[in-house]
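Right, one structure below, let's go through it.
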Amino acid sequence: MTQLSPNILLRCTILDSHGSIKTISGLFRKSDLCSRHGLEPRDLRKIDSRVPNLVPTILARRSGILINVLHIRAMVKSDAVLLFDSYGAADSRVHSAFVQNLEHNLCLNTSSLPYEFRALESILASVLEALRSELGWLRLVVDDLLEALEDDIDREKLRMLLQISKKLNGFLSRSRGIKLAVTEVVESDEDMALMYLTDAKLGNPRDEQSNLEELELLLESFEKQVEEVLAEIEQIYANVNNTQEIVELILDSNRNRLLALDLRTSIVTLGVSTSTLFVGLFGMNLTSHLEEDPYAFYILSGIAYVMAIAVVVAGLRRLSKLRRIGLSSSASFDNKPDEHHISHARAWWWRENQFRVIRRERNSAMKYTHPSPYPYPEHNPNATPLDPAELNTEPKREKKGK
């Protein structure tokens, strides 16, 4: 049998209308669950843990509300709650706390909310608590790691930074998926009307034009709290990204320093190699007529030292000049601007001034002849538009003394 077979067994815990556990980890066939609760086999795919489903969903059906968010896979009815795979999950502590909280809220019955909304509120509260718990752990780990990176940067810390970045990205995706699932329900009046299961059971079903404020406030409150978690995790994620960029800049700077040191060493080696040219020449068994000169050794040694120093100084200056050009060549102020760009800029500026002068003259003429409610001629629908040819003619200049 495949995972999509209707006869496959699902394990679930059932809570009755009084909040008491009626069945613990019972095994039920898909076909029995569908016939008993008025569901389709495709609806159970969202709450079957053996079917990969990473997108949080909240589905409204006439017979119940299907919820698949984080560690909770449940079906809420007007008088019962079915928790699928509530026991034996990856984190049994979270599930145990959730079941106890759900029992407590359903047994008290102190709220004016109907049964399904009290169960839904408990489920959303458990989801929010799980988000905040994971957020607190991530915040603590990130703060310790960033503080450690300020003192020293090593391979192990960079590997931990990469892992934390992946965890933050996954947590951010899950939080956004939860917010999106709640937002889709809030924006759909039809889905919210279907969630009033108690009213539908009593023969007063809600429709899209009914008052849905009670459920809307519940979902909007949860949505705002998830937004707060999202804002905080986005801030932490931004801090991690900024730290990664700064670490990359520091590593690049150290790499450049090592390259500069290697180049300086190569330049000094070149200077020393140049000075050994005389050693190689006079080391040959050839007669140079300088063997008996008492000053030849000192003169040639001085020339070799001078050549070595000259080569080293010239190479270091050239290296320093190249490094300065590499940093400022993209924004050099000594380069003259392109004459082609200057001509275009001047032409645009001249046409802009012409347009302003023509508009000022027309405004003054219309002001003294017949006042108009339009502040600018181009805003007046009855005004004649400017001729493009006028922009290419020089404006008239008044003579002095007039």
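The values are calculated or read from the model by the stated rules, or taken from the named source; none is laboratory data. All of these numbers come straight from a predicted model, not from anything done at the bench. Here the Cβ positions follow ideal geometry from the backbone for every residue, glycine too, while neighbour counts run over all protein chains shown.
Quick look at the values:
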{"read-out": "Residues located in region 16-48, provided they are in a loop (DSSP other than H, G, I, E, B) and surrounded by 14 or more Cβ atoms within 10 Å (Cβ to Cβ)", "value": "Ser17, Gly19, Leu39, Asp48"}
{"read-out": "Test for Lys157: is it in the same structural domain as Ser126 (by TED's automatic domain parsing) and either modelled with pLDDT of 90 or more or not in a helix (DSSP H, G or I) (or both)", "value": "no"}
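So that you can scan it fast, the table gives a plain yes or no per residue for (1) within 24 Å of Val313 (Cα to Cα); (2) at pLDDT 85 or above:
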{"residue": "Val240", "(1), (2)": "no, yes"}
{"residue": "Ile246", "(1), (2)": "no, yes"}
{"residue": "Asp262", "(1), (2)": "yes, yes"}
{"residue": "Ile267", "(1), (2)": "yes, yes"}
{"residue": "Ser275", "(1), (2)": "yes, no"}
{"residue": "Phe282", "(1), (2)": "no, no"}
{"residue": "Leu286", "(1), (2)": "no, no"}
{"residue": "Leu290", "(1), (2)": "no, no"}
